[in-house]
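The values are calculated or read from the model by the stated rules, or taken from the named source; none is laboratory data. Since we're looking at a predicted model, the values are computed, not measured. A quick note on method: Cβ atoms are made from the backbone with ideal geometry, for glycine too, and the neighbour counts reach across all protein chains shown. Side chains included, ligands, DNA and RNA excluded: accessible areas come from the protein's heavy atoms. Shrake-Rupley method; radii C 1.70, N 1.55, O 1.52, S 1.80 Å.
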Amino acid sequence: MTRAARAKQLREQIERHNRLYHEQDAPEISDSKYDEMFAELVQIEGECPELQTPDSPTLRVGAPPIEKFEQHRHAVPMLSLDNAFGVDELRAFDERVRKALEAETVSYLAELKFDGLSLSLTYVDGLLTVAASRGDGTTGENVTHNARTVRGLPLRLSAAVPGLLEVRGEVVMFQSVFDQLNAERAEAGEQVFANPRNAASGGMRQLDSRETAARKLTFFAYGVGETSSESFSKQSELMAWLRGLGFEVREEARVCDGAQGIVDYVEELGQHRSDLPFGIDGAVIKVDDLSAQADLGSTSRGPRSAIAYKFPAEQAFTIMEDVEWQVGRTGVVTPVAHLAPVQVGGVTVSRATLHNFSDMTEKDVRIGDTVIVQRAGDVIPEVIGPVLKKRPKKAKPPRMPTECPECGTALVEEEGYVALRCPNRAGCDAQIAAKLTHFVSKRAMDIDGLGERQIVRFLGLGWLDDLPSIYRLKARRDELVELDRMGEQSVENLIAAIEESKSRPLERFLFALGIRFVGERTAVDLANTFGSLREFRRASYDCLMEIDGVGPKVASEVEEWLELDENQNLLDDLLATGVEPIEAATSGSAEFAGKTFVFTGKLERFTRGDAEKLVRSLGGKTAGSVSKNTTHVVAGPGAGSKLAKAEELGTTVLTEEQFLEMVPGGSI
Ligand code: IVH
């Protein structure tokens, strides 16, 4: 075989394995075999540079730096969109469209509004030739070398498209990538990225595309610019065609009828926004009929046929009035900002976390500063940073505590961690209250009627002191009834809720214990591995390290926790009060063990996030795309390509109802 033929063969094989690995989640070869093929191609191209084609997968890992960006003039300007804030403005948009088209109702394609940066990709005879940023809309920068490293964007289209095709879309960074990169940067003492959008847009503006490759960016297609090929009658058909050409086209897009259809879509999207693995800042609503789009035309700002619906702002400016130090359940002392009350994302915020003392120092936020506050979904509001231009002369840095604000014990600065900690674990009321509050919380033991306020009160009365004391509260039935605002019925309810919590699934119990670094996900992994509390109590560092997703940090923390007599005594005491976690073998289900589920379409009976969590807690796996490893696809109305794929592969397809029938208890 000639070297040219071998290079071609390698290119094709590598691209095929890339697709199997990234898109279908069904690798056929080992990583080392893949690396071997890749290295061989790199070697051939190194020795014979003329054999490196513009669609070579080696370009995906980045190429040596370029000197500067070339300008690229867009054949069709990249316009912007008008915004709609609130559903009334969406209804007004529909009214304008109907009036202009003289139509009674209009169908729209409603899509995610990706929070990234827009990119134009020009393909000539199916080959990516230019990728350009939006720039001022008329002229952007040629960032082809960087675009080649981005996922979801074919270097060569998977079907023949002769002539010119310009595809437009958005480059984003997934939240998980962002979190990981920031954790690595923080550890290396580098400056962290402010948000995934900045990280993505900075990534596309690198002269050295190896830097871009390291940011693991993803491209989502949302439309077509200049084209000499196919013509379609609907935007939705065009999008399906792009998917067939190898682009990533999100399945959340939906054809909606009339104003009510789009209002329902954005409201539903708002509720599920935090389930998405990347950021969106709203929805884009487009008239589905392409000839109607052409009839409506554009203003200088953007097309009249589309509008961007924006979620309520999740950031706001306000004054930071003070910093309070709070003790958490593991004794970590964290700064909490007191703010002049401000509306963020529809709620009033007057307190926000500053994470930890080193983060606060790095951001250099001072009392009196105007700060940016952010609140996303149901996460705790956080202070992003100060607005330096507005810093008053008298702004002063917050005072670092040296003693626990609760119990006065001298704080320790832990080596290797960015935290200040109160070492008085058994005697610090704030730590005990936080530990108990976590234990009873909804996602842990779920004791209804016992919240933070009650716990602090009962601690003050000496009725609670540690976790087992919760289960001894029932002996104080009369005293509880005597307490103001606790009527007989609510005391009965509280005691019943406490009793009921004695038999929670093992993973909930393990999460409830509040072991450092054991979040919900890790607790599920631990429960599925050890099956019972008895086995978990004997876990060694080595067997912990065997668990997928458990690294040395978690393994040593869990091992140390288990080695402490006080913790083994705590478990004995809890068991003695009658707590009996349901073993994972019985809480897991044979029907789910070893099975992989994919959820698709519009789910009406439960959210995708909840269903996925449930499957995992029952010993099953979940995936984002259908492959030959998928055993079940749960499809709601409007399911598209994933359903088709499942049918093609002969995978079991379930309705939501059929899925619920498989679930022990019949509900989520
Ligand atoms: S269509 C004429 N669809 O939003 C512009 N844009 O606010 C047509 N964006 O610059 C754009 N998601 O970068 C469209 N599904 C989507 C989008 C989307 C994000 C961005 C795009 C555009 C900006 C306009």
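The table that follows gives values for the structure above.
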| item | result |
| --- | --- |
| Top-ranked residue of the range 301-314 - restricted to ones that are open to solvent by 20 Å² or more (accessible area, probe 1.4 Å) and within 12 Å of the ligand (Cβ to nearest atom), ranked as nearest to N195 (Cα to Cα) | K310 |
| Test set (1) more than 23 Å from the chain's Cα centre (by Cα); (2) closer than 30 Å to S503 by Cα - K628 fails condition number | (2) |
| Close pairs (6 angstrom Cβ cut-off, 6 or more residues apart or separate chains): under 12 Å from P303 (Cα atoms) in the range 70-83, open to solvent by 70 Å² or more (accessible area, probe 1.4 Å) and within 10 Å of the ligand (Cβ to nearest atom) anywhere | M78/R134; S80/R301 |
| Which listed residue is within 19 Å of the chain's Cα centre (by Cα) and hydroxyl-bearing (S, T, Y), from S176, S158 | S176 |
| Flag if R197 is part of a helix (DSSP H, G or I), basic (K, R), within 15 Å of the ligand (Cβ to nearest atom) and open to solvent by 20 Å² or more (accessible area, probe 1.4 Å) | yes |
| Within the range 315-327, considering residues that are surrounded by 18 or more Cβ atoms within 10 Å (Cβ to Cβ) and under 28 Å from the mean Cα position of the chain (by Cα), the one farthest from the ligand (Cβ to nearest atom) | V327 |
| Search result, residues across the range 266-300 that are near the ligand (Cβ under 9 Å from one of its atoms), in contact with a strand residue (DSSP E or B) (Cβ under 9 Å, 6 or more places away or on another chain) and modelled with pLDDT under 95 | I280, D281, G282 |
| Subset of the range 542-561 (residues that are over 20 Å from G427 (Cα atoms), surrounded by 15 or more Cβ atoms within 10 Å (Cβ to Cβ) and touching a helix residue (DSSP H, G or I) at 6+ places or on another chain (Cβ under 9 Å)) | C543, L544, I547, V550, V554, A555, V558, E559 |
| In the range 301-311, residue modelled with the highest pLDDT [restricted to those that are in a loop (DSSP other than H, G, I, E, B) and basic (K, R)] | R304 |
| Selection within the range 312-340 - in contact (Cβ under 8 Å) with a residue 60 or more places away in the chain, out of contact with any helix residue (DSSP H, G or I) (no Cβ under 9 Å at 6 or more places or on another chain) and either under 30 Å from L269 (Cβ atoms) or not in a strand (DSSP E or B) (or both) | E314, Q315 |
| Filter pass, V365 being in contact with a Ser or Thr (Cβ under 8 Å, 6 or more places away or on another chain), buried (at least 21 other Cβ atoms within 10 Å of the Cβ) and β-branched (V, I, T) | no |
| Qualifying residues in the range 483-509 (those that are open to solvent by 10 Å² or more (accessible area, probe 1.4 Å) and in a loop (DSSP other than H, G, I, E, B)) - the one nearest to Y471 (Cα to Cα) | K502 |
| Residues that are part of a loop (DSSP other than H, G, I, E, B) and either over 17 Å from V333 (Cα atoms) or open to solvent by less than 50 Å² (accessible area, probe 1.4 Å) (or both), drawn from the range 352-362 | L354, N356 |
| Criterion: on the phi > 0 side of the Ramachandran plot, open to solvent by 20 Å² or more (accessible area, probe 1.4 Å) and in contact (Cβ under 8 Å) with a residue 60 or more places away in the chain - qualifying residue of G640, G650, G619, G594 | G619 |
| Inter-residue pairs, beta-carbon under 6 Å, first in contact (Cβ under 8 Å) with a residue 24 or more places away in the chain and in the range 192-203, second among the small types (G, A, S), 6+ apart | P196/G279; R197/G116; A200/G116 |
| Subset tally (residues that are at pLDDT 90 or above, in contact with a helix residue (DSSP H, G or I) (Cβ under 9 Å, 6 or more places away or on another chain), in a helix (DSSP H, G or I) and open to solvent by 10 Å² or more (accessible area, probe 1.4 Å)) for the range 510-538 | 2 |
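Residue by residue, here is whether (1) in a helix (DSSP H, G or I); (2) farther than 22 Å from N493 by Cα; (3) open to solvent by less than 40 Å² (accessible area, probe 1.4 Å) holds:
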residue	(1), (2), (3)
G427	no, yes, no
Q431	yes, yes, yes
A434	yes, yes, yes
H438	yes, no, yes
K442	no, no, no
I447	no, no, yes
I455	yes, no, yes
F458	yes, no, yes
